[in-house]
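Asks: Questions regarding the structure given below will be posed in turn.
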Amino acid sequence: MPDTPSPHPAAPAAVILAGGAGRRHGGVIKANLQFRGHRLLDHVEARLSGASPVLLSVGWHDPALFAPLGALVPLADARPDGGPLEGIRAAVTWLRAFRPDVERLVTLAVDAPFVPRDLVQRLQAALNDADAAHAVGAAEPETDLPGRAHPTHALYRIAALDSALAHLPDGAGPAALLTVLASRAVSFARVDGLDPFISINTPQILESLTEREP
């Protein structure tokens, strides 16, 4: 098992959800896609300074495909078809075994390289006595449309996750988990007109964002 950082016990753990097959990118694992000279995985990990530890949900992939891993702890899903919730389950299981002092878990999508650097701080501040807090993008400009919820970017009390995960049906996603936990929404402003949680899930989006500084 790789060594992991040991900051203040109050710091949450983080899991980067990277189990997608990357079919829209020709089968290239999204975590390994090059964006401005670095992998998407490296961009997201760099936004997590202070998280303790940083875990990597690799889904059904071989962890060796993500090398180098550095301090990242790779976690394979118990079921290859379980989606993001399997990554969250794997993270909770690892934390119970190796870091029982950590009480909170942040989840992030590997294909969102612009995620705000203060994400963890702001979600922690909003949590208070709730069981979860999640990110919401700013309202669409010049419209009455509300900001889009980003359930993959959320903070949970680990003690609340066990029961919530057990009551969700197969195939449910993070949005359903947040509904079960009555999560608090935290709004994040656009940066230079861009939703900071934009997902690079197609080659076209990857190309259009290449000139932007993450």
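Asks: Out of region 119-134, which residues are charged (D, E, K, R) and either assigned to a strand (DSSP E or B) or closer than 24 Å to His43 by Cβ (or both)?
Replies: Listed by number, the list holds a single entry, Arg122.
Asks: What are the residues in region 95-114 that are closer than 13 Å to Ala13 by Cα and crowded, with 18+ Cβ neighbours inside 10 Å, if any?
Replies: Correct list: Leu95, Arg99, Val102, Arg104, Leu105, Val106, Thr107, Leu108.
Asks: Applying the selection to region 23-60, what residues are at pLDDT below 90, within 13 Å of Pro74 (Cβ to Cβ) and out of contact with any Pro (no Cβ under 8 Å at 6 or more places or on another chain)?
Replies: Selection gives Ile29 alone.
Asks: How many residues are within 18 Å of Phe197 (Cα to Cα), crowded, with 17+ Cβ neighbours inside 10 Å and modelled with pLDDT of 85 or more when one looks only at region 136-161?
Replies: Going through region 136-161 one residue at a time, the tally reaches 9.
Asks: Say we look at region 119-135 and pick out the residues that are over 10 Å from Arg184 (Cα atoms) and in contact with a strand residue (DSSP E or B) (Cβ under 9 Å, 6 or more places away or on another chain); which of these is surrounded by the fewest Cβ atoms within 10 Å (Cβ to Cβ)?
Replies: By that ranking, first place goes to Ala125.
Asks: Right, next: Of the residues that make up region 147-160, is at least one under 22 Å from Glu45 (Cα atoms), free of Cβ contacts under 8 Å to residues at least 12 places away in the same chain and not polar (S, T, N, Q)?
Replies: No, the conditions are met nowhere in region 147-160.
Asks: Within region 188-210, which residues are more than 21 Å from Val15 (Cα to Cα), among the polar types (S, T, N, Q) and in contact with a strand residue (DSSP E or B) (Cβ under 9 Å, 6 or more places away or on another chain)?
Replies: Residue satisfying the conditions is Thr210 alone.
For every residue, the table says whether it meets (1) in a helix (DSSP H, G or I); (2) under 17 Å from the mean Cα position of the chain (by Cα); (3) not aromatic (Phe, Trp, Tyr).
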residue	(1), (2), (3)
Pro68	no, no, yes
Ala71	no, yes, yes
Gly87	yes, yes, yes
Thr93	yes, yes, yes
Arg96	yes, no, yes
Leu105	no, yes, yes
Leu108	no, yes, yes
Ala112	no, yes, yes
Arg117	no, yes, yes
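Asks: Right, Ile200: in a loop (DSSP other than H, G, I, E, B) and either under 24 Å from Glu45 (Cβ atoms) or of a type outside the set (Ser, Thr, Tyr) (or both) or not?
Replies: Considered against the rule, which asks whether it is in a loop (DSSP other than H, G, I, E, B) and either under 24 Å from Glu45 (Cβ atoms) or of a type outside the set (Ser, Thr, Tyr) (or both), Ile200 comes out as yes.
Asks: Which residues, counting only those in region 24-66, are among the polar types (S, T, N, Q), in contact with a strand residue (DSSP E or B) (Cβ under 7 Å, 6 or more places away or on another chain) and not in a loop (DSSP other than H, G, I, E, B)?
Replies: If the condition is that a residue be among the polar types (S, T, N, Q), in contact with a strand residue (DSSP E or B) (Cβ under 7 Å, 6 or more places away or on another chain) and not in a loop (DSSP other than H, G, I, E, B), then Asn32, Ser57 are the ones that fit.
Asks: Evaluate region 172-194: report whether one residue or more is assigned to a loop (DSSP other than H, G, I, E, B), in contact with a Phe, Trp or Tyr (Cβ under 6 Å, 6 or more places away or on another chain) and surrounded by 13 or more Cβ atoms within 10 Å (Cβ to Cβ).
Replies: no
The values are calculated or read from the model by the stated rules, or taken from the named source; none is laboratory data. Every value quoted in this text rests on a predicted model; they were computed, and no experiment measured them. Cβ: placed from backbone, ideal geometry, glycine included. Neighbour counts: every protein chain shown.
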